[in-house]
Amino acid sequence: MARYSRARSVYRSLPAPVQRGLKKALRPGSADVEAELAKARFDAEDYPAADRYIEAGLEKRPTNSKLLDLAARSAAKQGRISDALEHATYRSLEHRGYKPWSQMRGAAARLVETDASWRPTVVAAPPQGPAGDGVIYLAKESRPYLHNGFCTRTHETLRWLIRTGHPVTGVTMPGFPGVIGVADAPASSTVEEVVYHHLLPSSGAALKRLPLDEQLQVAAQALAGVVARERPRLLHIGSGHRGYETALVGDAVARWAGIPWIYEVRSFFETTWTADVRYMEQGEYYRRRFETESRMMHAADLVVTLSGPMRDEIIDKHGVPADKVRVVPNAVDTSRFAPQQRDEALRASLGLTGTRTLGYVSNLDHPREGQEVLVDAVAELRRQGYPATGLIVGDGNRRPGLIERAKAAGVAEHVVFTGKVPFDDVAAYYAQIDLFVVPRIDERAARMVSPMKPFEAMAMRIPNLVADLPALVEISGGGTRAGLFKAGDPSSLASEARRLLDSPETLAAMADAADTWVRAERSWEASAAGFADAYDAVLSGRA
């Protein structure tokens, strides 16, 4: 009776269309009740509850395709990829067809590429004879097609290395830029002094249909062709979309060619397999991704990363020897990002006239950026009668949800979402900001990875207020270069923002200290010199 009581309670909590589906399911010969209940719980993202109904249903009908599909998907959502593969494999054996096979092969690929014994292979004879003087840099993507922080760091690093006499060539992962919708994607692009070779540039759609491990096989073979032609003395590998996948490719090709390689760890991607904070830092898939990242760090001849906290993490948690890890921090182009007069016409068009503007410039794809905290802080300040406005510059898949967040908080007209802004216009939007806020939440990568945007704001003499996470505390100079608030706490953000905005002397002193620091310590020329020294260390055996 308790079981039926619980079922009735769940039934009454479901939307009307789902209730109608259940009534249909109860008719003789229709789908199993547990499958309908499991689907409802799955759609509500209550995966443990979905699992209970799936288990009950499979006890009755072990070969039910809908239940097996849900079982695989629910396990994958929770990071249990071995369980996902088991359910998907059984489904593909019992129910022939492309979709069951594709689900099974996708789950298998995640296990394969994170297996300690697996590497991509190069099917060709290795190049013979001495290598040349050049360096090949493998990046997941590049300018002129994207202008995100990754592409900016890649481009500025290569540009300054070339300017200082180091022959470096950029190479992008297979499928780019066609994969982002570029028609007639070229085999190479030249941006300023930098040449980027695009591997299989128009094959993005076809590559995306391949399982992950097969994509990396293709990438290794394609990169090997460039290495055989260019004969570099060193490979420089930047983090990929999953972090380690570019490293797996670089390691395979470097071993094949008999040359050293450097792994530039730009973030920690173990958590990016999901946007669900309940599962980000736990479960089998998180662990396997972490361990694969560690293996790649150990396999590289040298690891370069972005901040002191990241270096500490690589040494302490990934177990890489301290003398094998270097820091080359993010930087800023002070000629592009310089103080400029505020465009009042733009300000009026954005609805910012007569307000104190708390702004952030970033992509809106990842929860770690914490724009919700900024939205809620604006709402708090407005409740206090303070004329604050939020300005969120950028675009991404989380934008609709953030707009709804502002509406729910009653500040839809006081939080401006610009959407995508042309790269050359970004500085004009920075100039609209009275206080640049970095509202990142307490998440693994956010704790250790320093973003580039605060440096750009500092170079424009815009005061910063940042969450008290280690990577951000490091750039704040103990509060002298940027204010600090408690990460994830809108009330703390609102309180500190009001205190700073009401103290022009404090803001001016902070802007002076930050401007002096970025010009002395955070130039791309200095970063390129750090990489040049890393190259010399690896090639001379000092690393």
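Do the conditions hold for Ala109, that is, is it under 21 Å from Ala247 (Cβ atoms) and part of a helix (DSSP H, G or I)?
Considered against the rule, which asks whether it is under 21 Å from Ala247 (Cβ atoms) and part of a helix (DSSP H, G or I), Ala109 comes out as yes.
Given the conditions (1) among the hydroxyl-bearing types (Ser, Thr, Tyr); (2) under 23 Å from Gln215 (Cβ atoms); (3) surrounded by fewer than 16 Cβ atoms within 10 Å (Cβ to Cβ), report the number of the one that Thr89 does not fulfil.
Thr89 satisfies every listed condition except (3).
Of the conditions (1) on the phi < 0 side of the Ramachandran plot; (2) out of contact with any strand residue (DSSP E or B) (no Cβ under 7 Å at 6 or more places or on another chain), Val538 clears all except one; give me its number.
Among (1) on the phi < 0 side of the Ramachandran plot; (2) out of contact with any strand residue (DSSP E or B) (no Cβ under 7 Å at 6 or more places or on another chain), the lone unmet condition for Val538 is (2).
For (1) in contact with a helix residue (DSSP H, G or I) (Cβ under 7 Å, 6 or more places away or on another chain); (2) more than 22 Å from Thr305 (Cβ to Cβ); (3) at pLDDT 95 or above; (4) not β-branched (Val, Ile, Thr), each residue gets a yes or a no:
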residue	(1), (2), (3), (4)
Gly238	yes, no, yes, yes
Tyr244	yes, no, yes, yes
Ala247	yes, no, yes, yes
Arg255	no, yes, yes, yes
Thr274	no, yes, no, no
Glu281	yes, no, no, yes
Phe290	no, no, yes, yes
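State all residues of region 356-377 that are of a type in the set (S, T, N, Q) and surrounded by fewer than 20 Cβ atoms within 10 Å (Cβ to Cβ); if no residue qualifies, say none.
Selection gives Asn363 alone.
Name the residue, out of Val226, Val195, Val182, that is under 24 Å from Val421 (Cβ atoms) and surrounded by fewer than 23 Cβ atoms within 10 Å (Cβ to Cβ).
One residue alone meets the criteria, Val182.
Before we move on, is Thr246 crowded, with 23+ Cβ neighbours inside 10 Å, among the polar types (S, T, N, Q) and in contact with an Asp or Glu (Cβ under 9 Å, 6 or more places away or on another chain)?
Here the answer is no, as Thr246 does not meet what is asked.
Could you give every pair whose Cβ atoms fall below 7 Å, whose first residue belongs to region 273-299 and is in the same structural domain as Arg73 (by TED's automatic domain parsing), and whose second residue is among the polar types (S, T, N, Q), counting only separations of at least 6 or pairs across chains?
Pairs that qualify, where the first residue is in the same structural domain as Arg73 (by TED's automatic domain parsing) and the partner is among the polar types (S, T, N, Q): there are none.
Would you confirm whether or not region 147-164 contains a residue that is over 25 Å from Gly394 (Cα atoms), of a type outside the set (A, V, I, L, M) and assigned to a loop (DSSP other than H, G, I, E, B)?
The answer is yes; a qualifying residue exists.
Filter region 288-325 down to the residues that are in contact with an Asp or Glu (Cβ under 6 Å, 6 or more places away or on another chain) and within 24 Å of Ala252 (Cα to Cα), then identify the one that is surrounded by the fewest Cβ atoms within 10 Å (Cβ to Cβ).
Ala299
Which of the following residues is modelled with pLDDT of 95 or more, β-branched (Val, Ile, Thr) and in contact with a His (Cβ under 9 Å, 6 or more places away or on another chain): Thr114, Thr169, Thr89, Thr154?
Thr169
Please work out which residue is nearest to Cys151 (Cα to Cα), limiting yourself to region 181-206 and to residues that are at pLDDT below 95 and not in a loop (DSSP other than H, G, I, E, B).
Gly204
Anything in region 92-111 that is of a type in the set (A, V, I, L, M) and at pLDDT below 95? List them, or say none.
Across region 92-111, the qualifying residue is only Leu93.
The values are calculated or read from the model by the stated rules, or taken from the named source; none is laboratory data. Model, not experiment: these values are computed from the prediction. Neighbour counts run over all protein chains shown; Cβ positions are idealised from the backbone, glycine included.
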